[in-house]
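Notes follow once the structure below has been shown.
The values are calculated or read from the model by the stated rules, or taken from the named source; none is laboratory data. The model shown is predicted, which means the values in this text are computed figures rather than measured ones. Every residue, glycine among them, receives a Cβ derived from its backbone with ideal geometry; neighbour counts consider all protein chains shown.
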Amino acid sequence: MQALRALVWFKRDLRVHDHAPLVAAQRCGDAAGLFIIEPEWLQSPECDAQHVDFVLRCLDELRAALAARGMPLLVRMGSTLPVLTALHAELGFGQLLSHEETGPGWSYRRDVQVGQWCQAHQVAWQEFTQTGVVRRLRSRSGWAGRWQARMDAPLQLLEGGFATAAPLDQPALPTLAELGFAPHGRQLQRAGEKAARRTLQTFFAERGYDYRKALSSPLTAQDGCSRLSPHLAFGTLSLRTVHQATEVTIATTPDRTLAHALRGFAGRLRWHCHFMQKLEDEPGIEFYNFARVCDGLREDDFNDDHFAAWCEGRTGYPMVDACMRSLRATGWLNFRMRAMLVSFASYHLWLHWREPGLFLARQFLDFEPGIHWSQMQMQSGTTGINTLRMYSPTKQAQDQDPEGVFIRRWVPELARVPLPYLAEPWKMDASVQNMAGCHIGTDYPAPVVDDKRAMKAAKDRMYGLRQTQEARAEAGDVQARHGSRKSGLPPSGQRRKLAAKPRAKTADTPSPQGDLFG
């Protein structure tokens, strides 16, 4: 068999449109695509059956789209180095083309090993950028300009097809069961590049008009948000495509309401990469606190019973439980409710962010490691530089679900509870409980913790820590490494003074994953 000149390694970029490695492979002539179903991914604590299901559906469409252009897509199972070694012996490819990836620790270690393997086997590995995340970034100064330049660059579009020298074996894609997963039971968003582009189009044409207002309530966000987050996470749509389409729509639409809404959305696209950059610059934040002064703050107080109640949606706080049950059933939740879930786990239940973060990673179809771990730490107060935002689940219920529609849908035990008691059902006396057919402690849990006492204890500990000299000094260093800025950093002495001041809410205050994606 004639040797292949290039192999396109697909990872979190399951598309044909705006795909630089594919364009480069076309210049090489003879090429094939490759996706590796890695046991390191399947066995990672962040992976869930819904993620694998979504990827398999994307691969099915991608394989057909590439075949129509003359490129085979090889789907192989196994660790990356053995797969590459076997394919290199079979096909003799001289170039490996892929996009850069800012992923969890296992993928970072894999890429280091792939680089070493390529050197040893004289394979030229070329990685292309697909987001605004900058490798080996020395300073955050000027980062916003670099993001803008990348997003405004021309889309990488294929012209014509490929001419593969010989047919390659392409076995059928494995099933979830063959990969060791039970059915997940969720109604997932449609997968694939076609669905991604339709979702973008309907957001601009129908759903985006009330975007800014729709963000906060789980009742309106389901349709009013872009719902592009899983497509960005798995790369069925490039961020650059979304950015350019957004800017064109803003510039050309005669509808000022839509233009105003999309300006808010455009801002969140910028924050998307800002948070991913944090993990790129400091991969360890997946595992340890941004501010090391927070080490030991919660780790030794982890309450397994509280954690189980939170995971199962039986905390006794209706809005918390409704959001968790909705998330577990659908794989998606809007930004403010994600924030509330993490806030409740961090402050009311005093849980360290790592285990709740892993649980949520498995629930979010749109899990994006860089955004996820940055946001988990922001919401739990361990960055040392961001405003402590402690959500009241009662107030969120009253503000975001004033008629109780969302709570009654997801917590049917409370279906007959009178509206004045719905956010705080433990306040019902015995006669009201009898009338509602909901007995607290039997039909629905009593609150797992006392709201006011838990909040007071959390505030005392968090604000007490932040007033220490050690915390104030470290905040300056964290801000220098990871804080947002439009111009150069102030002198280091000024940074220490700024970090010591109480921080008001800014654009860089906690804003969970769903908000960043819209």
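The lone criterion from (1) at pLDDT 95 or above; (2) more than 27 Å from Q363 (Cα to Cα) left unmet by A166 is number (1). Checked against the criterion of being polar (S, T, N, Q), surrounded by fewer than 16 Cβ atoms within 10 Å (Cβ to Cβ), assigned to a helix (DSSP H, G or I) and outside the structural domain of H19 (by TED's automatic domain parsing), the candidates Q148, Q119, Q113 yield just one match: Q148. Of note, A205 satisfies the criterion of being of a type in the set (A, V, I, L, M, F, W, C), assigned by TED's automatic domain parsing to the domain that holds F265 and over 21 Å from the mean Cα position of the chain (by Cα). Elements of the type helices (runs of 4 or more DSSP H) sitting completely within region 175-258 and holding at least 1 residues that are free of Cβ contacts under 8 Å to residues at least 24 places away in the same chain: these cover 193-202, 211-214, 218-224, 239-252. Annotation note: Cβ proximity below 8 Å between a residue of region 96-110 that is touching a residue at least 12 places away in the same chain (Cβ under 8 Å) and farther than 14 Å from R12 by Cα and a residue that is among the hydrophobic types (A, V, I, L, M, F, W, C) and assigned to a loop (DSSP other than H, G, I, E, B) (sequence gap 6+ or interchain) occurs for L96/V123; G105/F287.
Out of all the residues in region 128-145, which are on the phi < 0 side of the Ramachandran plot and more than 22 Å from the chain's Cα centre (by Cα)? Passing the criteria: R138, S139, S141, G145. Scanning region 382-431 for residues that are in a helix (DSSP H, G or I) and either at pLDDT below 95 or in contact with a Pro (Cβ under 7 Å, 6 or more places away or on another chain) (or both) returns A397, Q400, F406, I407, L414, L422, P425, W426. Would it be correct to say that A163 is in a loop (DSSP other than H, G, I, E, B), of a type in the set (A, V, I, L, M) and surrounded by fewer than 15 Cβ atoms within 10 Å (Cβ to Cβ)? When the stated conditions are applied, A163 passes them.
Just to be sure before I move on: is C294 among the hydrophobic types (A, V, I, L, M, F, W, C) and assigned by TED's automatic domain parsing to the domain that holds I371 in the structure I sent? Considered against the rule, which asks whether it is among the hydrophobic types (A, V, I, L, M, F, W, C) and assigned by TED's automatic domain parsing to the domain that holds I371, C294 comes out as yes.
Only one entry in A454, A473 is in a helix (DSSP H, G or I), touching a residue at least 60 places away in the same chain (Cβ under 8 Å) and surrounded by 14 or more Cβ atoms within 10 Å (Cβ to Cβ), namely A454. Can you say whether A322 is farther than 16 Å from D366 by Cα and in contact (Cβ under 8 Å) with a residue 12 or more places away in the chain, as far as the supplied structure shows? For A322, the condition - farther than 16 Å from D366 by Cα and in contact (Cβ under 8 Å) with a residue 12 or more places away in the chain - is met. Does at least one position in region 280-292 carry a residue that is in contact (Cβ under 8 Å) with a residue 60 or more places away in the chain and more than 21 Å from the chain's Cα centre (by Cα)? Yes, there is a match, as at least one residue in region 280-292 is in contact (Cβ under 8 Å) with a residue 60 or more places away in the chain and more than 21 Å from the chain's Cα centre (by Cα). Among the residues of region 71-92, are any surrounded by fewer than 16 Cβ atoms within 10 Å (Cβ to Cβ), in contact with a Gly (Cβ under 6 Å, 6 or more places away or on another chain) and modelled with pLDDT under 95? No, region 71-92 contains no residue that is surrounded by fewer than 16 Cβ atoms within 10 Å (Cβ to Cβ), in contact with a Gly (Cβ under 6 Å, 6 or more places away or on another chain) and modelled with pLDDT under 95.
Within the set A261, A251, A291, the sole residue that is surrounded by fewer than 16 Cβ atoms within 10 Å (Cβ to Cβ) and not acidic (D, E) turns out to be A251.
There is no residue in region 297-305 that is within 22 Å of the chain's Cα centre (by Cα), under 23 Å from D450 (Cα atoms) and outside the structural domain of A221 (by TED's automatic domain parsing).
Residues of region 71-95 that are more than 25 Å from T131 (Cβ to Cβ), in contact (Cβ under 8 Å) with a residue 60 or more places away in the chain and in contact with a strand residue (DSSP E or B) (Cβ under 8 Å, 6 or more places away or on another chain): P72, L74, M77, L87, L91, F93, G94. When restricted to residues that are within 16 Å of N386 (Cβ to Cβ) and not aliphatic (A, V, I, L, M), region 431-466 contains 3.
Only helices (runs of 4 or more DSSP H) whose full extent lies in region 1-89 are considered here, and the ones with at least 3 residues that are closer than 26 Å to F364 by Cα are 39-42, 49-67. Each residue in region 246-270 was checked for being more than 14 Å from D210 (Cα to Cα) and out of contact with any helix residue (DSSP H, G or I) (no Cβ under 8 Å at 6 or more places or on another chain), and 5 of them qualify.
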